[in-house]
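Here is the structure we will look at.
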Amino acid sequence: MKKLLFLLLLAISQVAICAQEVPQWVQKKPKPANDTYLYVVERGVGATEMEARNRAMGLVYRITIERLALPINLASINEAINNGSNYGDNAEVMNIPVNKVCEYIQQEATQYAVYVLCQVAQYGNREARFTAFTQCNSFVEKQDVAPFWCNDTWRATNYPREQYVQGFVIGTIQAGESIEQTYQRLKEKAQAEALQNIIATQNVTKDIPNLSVESWHNPQTNEVFAFAWVKKTDLVRTLKKQIISHITRAEMAIEEAEGLLAEGEKSAARKAIAKAIEHLQQVEEQQKVVQSVDSNTEMEDIAFAESNALKQRATALYQQLKNGVSVYIGGEITIFDKSYPTFINQIKQQISGIGCTFTTNEAEADWVIRLQGTTREYNTLQTGAYTAYFVMSEVILQIVKGNTQSVIYEGSFSEKGSHTLNREEASYAAYAEVYQQVATKVEEIINN
């Protein structure tokens, strides 16, 4: 009986813990015990708890330095905030009057959020008399209290548009929609609003690096709130790194395409230049975002000259490759010694779909395809008044690389065909089967 009672109490306590979502001090700062200090609450986000905690504390140190006009270089503090590095000891050495009393950790989908409650000096010319705080674990139930970011004034104060790109939307659960689907829909809408706040164009990337998104459902009004935000300095720093990465990849792809073109590998070169163009398009979009977010950005900060030079190289290569792979097709397909040009025309039509163009000059072709096809009657079958004709069609295929004159493939394809009208119709049926095999092999060789 005692064991059962213990398990029951344990279960009740777990439910209580789950219901206690947000500390009261996150929503409403406590009152200081004397007039020498005040309370501040800041939030930091990072890939780890340590990184998020350091960023939150960095914000506390920075606002304290700015408010008290302390003779401390903000550059080191800002760098620490951006990097999420551990610099609490340095703050003590620099005599920043801050006393951290509480923290609250949230583990989100791909990151951690840490809220810190700190006592900071009220005045710069008086010693702060910090006091003990014992209500760190005084919680309110999440479903009864709206998140801090639902409040317009709180957002304006803690996520000012001069420092943050943000999007905020309010909606309701639609008919036939689950709460999870509503969350997702409004989160995407908040992201879209944040994007529109970055730059007014439909051509810019839909992915915003470092973007955080939260949602909350008010059970009393059935409204759903969504908030998306990213710090501008974090966004710009990440985009600049991505620009350099895309430029490096674009340059590698261009060099690869140039080498392949010199070797006569036009098909592979087209694939390489397509990759380069894709990377350069990403660069252009990201450069627009950086310039929109940070009006002080210099052209050299976003590698504008480098990307422009690569665009010129890529455009020149694309012009050389836009007509596709040049193919010469020769040989003859016959049906009982009569020419059957339809077969070769069908092959041309098929491979033109993969970007091939055709030339009558074998010497200038990237690929040379030689075809030799014949038919022979091998049987007839009399059934009453009808005669069934059976024919064997065979095509010998040779594929030669134009620039090296090396034979890449040589083989034969044969199929049987039958018809009750005549042996010519039986030949058409047999060639139709062979055509599919030959076309597949030609596409395979050219594409690879």
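Results, tabulated for the structure shown:
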{"read-out": "Residues (surrounded by 21 or more Cβ atoms within 10 Å (Cβ to Cβ) and charged (D, E, K, R)) located in the stretch 321-358", "value": "none"}
{"read-out": "Any chance residue 426 is surrounded by fewer than 12 Cβ atoms within 10 Å (Cβ to Cβ) and either outside any strand (DSSP E or B) or of a type in the set (Phe, Trp, Tyr) (or both)", "value": "no"}
{"read-out": "Top-ranked residue of the stretch 204-254 - restricted to ones that are of a type in the set (Gly, Ala, Ser) and touching a helix residue (DSSP H, G or I) at 6+ places or on another chain (Cβ under 8 Å), ranked as modelled with the lowest pLDDT", "value": "215"}
{"read-out": "Some residue of the stretch 260-269 being assigned to a helix (DSSP H, G or I) and in contact with an Asp or Glu (Cβ under 7 Å, 6 or more places away or on another chain)", "value": "yes"}
{"read-out": "Checking residue 403 against (1) touching a Phe, Trp or Tyr at 6+ places or on another chain (Cβ under 9 Å); (2) of a type outside the set (Val, Ile, Thr); (3) not in a strand (DSSP E or B), the condition it does not meet", "value": "(1)"}
{"read-out": "Residue match in the stretch 387-404 (condition: open to solvent by 60 Å² or more (accessible area, probe 1.4 Å), free of Cβ contacts under 8 Å to residues at least 12 places away in the same chain and not acidic (Asp, Glu))", "value": "no"}
{"read-out": "Leading residue by the ranking (farthest from residue 293 (Cα to Cα)) among those in the stretch 208-228 that are open to solvent by 10 Å² or more (accessible area, probe 1.4 Å) and in a strand (DSSP E or B)", "value": "218"}
{"read-out": "In the stretch 147-187, residue nearest to residue 42 (Cα to Cα) [restricted to those that are crowded, with 17+ Cβ neighbours inside 10 Å and either aliphatic (A, V, I, L, M) or touching a Cys at 6+ places or on another chain (Cβ under 6 Å) (or both)]", "value": "165"}
{"read-out": "Tally, over the stretch 362-375, of residues that are open to solvent by 70 Å² or more (accessible area, probe 1.4 Å), more than 19 Å from residue 411 (Cα to Cα) and not aliphatic (A, V, I, L, M)", "value": "1"}
{"read-out": "Selected residue [of a type in the set (Val, Ile, Thr), modelled with pLDDT under 75 and out of contact with any strand residue (DSSP E or B) (no Cβ under 6 Å at 6 or more places or on another chain)] from 96, 65, 77", "value": "77"}
{"read-out": "Selected residue [of a type in the set (A, V, I, L, M), touching a Lys or Arg at 6+ places or on another chain (Cβ under 6 Å) and over 26 Å from residue 431 (Cβ atoms)] from 317, 280", "value": "280"}
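The values are calculated or read from the model by the stated rules, or taken from the named source; none is laboratory data. From a predicted model like this one, the values you see are computed outputs, not experimental measurements. When we count neighbours, we look across all protein chains shown, and the Cβ atoms used for this are built from the backbone with ideal geometry, even at glycine. For the accessible areas, the whole protein counts, side chains as well, though only heavy atoms, and no ligand, DNA or RNA atoms are used. Shrake-Rupley method; radii C 1.70, N 1.55, O 1.52, S 1.80 Å.
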